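Have a look at the structure below, then the notes.
Just so it is clear, none of the values below were taken in a lab; they were calculated from the coordinates. Owing to the predicted nature of the structure, the values given are computational and were not obtained by experimental measurement. Quick reminder, even Gly has a Cβ in these numbers, built from the backbone with ideal geometry, and neighbours come from all protein chains shown.
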């Protein structure tokens, strides 16, 4: 293992350079290299000062997360930083790029810190369910105060170099050659007669319970269900209640304990899963993305307009097509209204809005799509209409242009088949609102070319989306798994649970919104029309989605009509009891012979909904629709509101135990429709082998 740390002397100033691409993660090799360099400095002639910096595009972007589940190999970073802070001469750390987590903890152990003015600095550990472990919770409040320190720790987002300077986290901003800047800053310190300034010697003013309460409430809204915030508060409290070394011991216990928590394991699982979603590296030399400079979008409604915003936000020009000028005017008005909300909330300037609107060119003529590099069809779910559109696109789009559909359920093979270039056709399933939601399902047909898949993943990255590959089937990954999940939610209502009881149980589990409330938000008619268009997907059980059908027949379509599963006051999204709907559903249950009961528990609700979802996920894996369980987890945590701290449905199933999931499926199958509860063969096999979805993935992908 090469030493990533070098030491040089420049005019009596020791310069330590870390060079461990791509992001200078703090690995065992780096710790050893830093320790060796510090030993040389401690044992030899004392230099006038020490400058520490990193080569490459960034400072240390945190610890090497892959080492977290293994036995710590010495030296311990805490000890290395104690030695660094204890040097008898002044020390300066030069930050650039991103300095995160453990990287910031290294900087805190220096006597002075300077940063290139575009640097981002922060503690993202809360997003991984981890308490910082290299004494950052003790040094940070001594440097910038407990309130500001907790603000950074509980937020998890980095701050700019300018913000860091205002906080006192860095001492100066620099430009140009970082090595030269670090040496120049050290020379100025020496000329001013300044020596060591150890952060650990600082004093922390305590926070009041009211101040802590404000920070706690903000974090609870931002990181719903995450317990790490409370551990961070305990660690920082130790900084004002205890001497430094005792506070460091408290932090160590909290940090090491947090690594063992289910929450941290789930969040770290997603960290790696999100970085493994792209299959492009394994696809070979043909998977080279095509150039995309201009996008065409067909349909300027809610979805088409949101997709246009997603590209305009990334500085990509869009040609937006609709059937007539009136439809275009409505679509553009909605786009501008959405941007106006961002201005009102302080997220955009009026100038930025005009710049983005200028990137969207409206048209009613297909000929204006002749030179786009990629076109996305985003009209309503009707196969014949989409096929008609693709026939036109085949005629007007230039050779090599990518033809994409935003369909959420339809067979894209049938759409590709009407063109003379099926290799150029792909599914790009955005989620509403498309300018906000992170997930993009990239659906590969039987004929999609490798470079088209690569183009889709590259484009997803450019517009800030997480692309996940799916093969063609009804609903792809997300909607196909949502079908049995929602089926059970509706059947529970027929059996006597109230919509609020069902949604409350799912939200208590960690779903961002209960599924019945989701239907009200999206429109009851949307799901009904999908099932009407795909009758082959419907269960023979007469109770299948009858609650939706009853609401649809009454014209109660959710929020847009003021009535659905819930009642809504005009202009409000606040859910109220809709007694008429509940009475109607009870009458429908009686008509269908479904006995209503009062003993439905929160546990039964979550098990029936989630076990049904997981069972379908196992089928998706076995059929090769999804590449691996991690991809499914990314889909559900990025696009369907599944709690990140649960890790996604497949990871959660492993934690619960696949034997428990299978036993539940068999139990509920005996109570309801056996055909809808038939266990997936993969699930049965993994249980018989005492295995897990995670182990299955490792055996297939290494």
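A few remarks follow.
- Taking Cα atoms only, the orientation of helix 383-396 departs from the longest principal axis of the chain by about 60 degrees.
- Whole-angstrom gap from region 318-363 to region 88-145, using each part's C-alpha centre: 40 Å
- Degrees between helix 262-275 axis and first principal axis of the chain (Cα, 0 to 90, nearest 10): 80 degrees
- Average Cα contact separation per residue, region 291-472, under 8 Å, 6 or more apart, as relative contact order %: 22 percent
- Highest average packing first - 20-26, 59-65, Cβ atoms within 10 Å: 59-65, 20-26
- Among 260, 190, 169, a tally of other beta-carbon atoms within 10 Å of each Cβ gives an order, fewest to most, of 260, 190, 169.
- The distance between label points at residue 570 and residue 3 comes to 7.7 nm (points 7 Å beyond Cα on the Cα→Cβ vector).
- When the square roots of the Cα gyration tensor eigenvalues are ordered a ≥ b ≥ c, the ratio a/c for region 479-701 is 1.5 or more and a/b exceeds b/c, which makes its shape prolate.
- Gain in span if fully extended, residue 276 to residue 10, counting 0.36 nm per residue against the direct Cα distance: 91.5 nm
- Relative contact order (%) - criterion: Cα under 8 Å, at least six apart; region: region 136-222: 43 percent
- If a spin label sat at a point 7 angstrom from the Cα of residue 57 along the line to its beta carbon, the backbone N atoms of region 114-154 nearer than 16 Å would be those of 118-120.
- Panel values: region 5-260, Kirkwood radius from alpha carbon pairs, Stokes-Einstein at 37 °C and 0.692 mPa s, translational diffusion coefficient 180 µm²/s.
- Value of relative contact order over the chain, rounded to a whole percent, pairs C-alpha under 8 Å and six or more apart: 9 percent
- Computed [θ] at 222 nm, deg cm²/dmol, the chain (DSSP H ≥ 4; -39,500 (n - 2.57); rounded to nearest 500): -15000 deg cm²/dmol
- Listing 425, 335 from fewest to most neighbouring C-beta atoms within 10 Å gives 335, 425.
- Packing, taken as the mean count of other beta carbons within 10 Å per residue, orders the peptides 346-358, 516-528 from highest to lowest as 516-528, 346-358.
- Working from label points 7 Å from Cα in the Cα-to-Cβ sense, the residue 596 to residue 345 distance is 3.9 nm.
- Spatial separation of Cα centroids for region 406-428 and region 581-595, in angstrom: 41 Å
- Note on 429, 223: ascending count of other Cβ atoms within 10 Å places them as 223, 429, the fewest first.
- Length gained on full extension, residue 179 to residue 603, computed as 0.36 nm times the residue gap minus the Cα-Cα distance: 146.7 nm.
- Which labelled figure in (i) 43, 34, 23; (ii) 78, 34, 23; (iii) 49, 31, 25 is semi-axes √(5λ) of the Cα gyration tensor in Å, once derived from the coordinates: (iii)
- Taking 0.36 nm per residue of separation and subtracting the current Cα-Cα distance, fully stretching the chain between residue 224 and residue 461 would add 82.7 nm.
- Helix 228-241 vs. the chain, principal-axis angle (Cα, 0 to 90°, nearest 10): 20 degrees
- Whole-Å distance, taken between Cα centres, linking region 630-702 and region 461-527: 17 Å
- Cα-based shape type of region 267-421, given that a ≥ b ≥ c are square roots of the gyration tensor eigenvalues and the cut on a/c is 1.5: oblate
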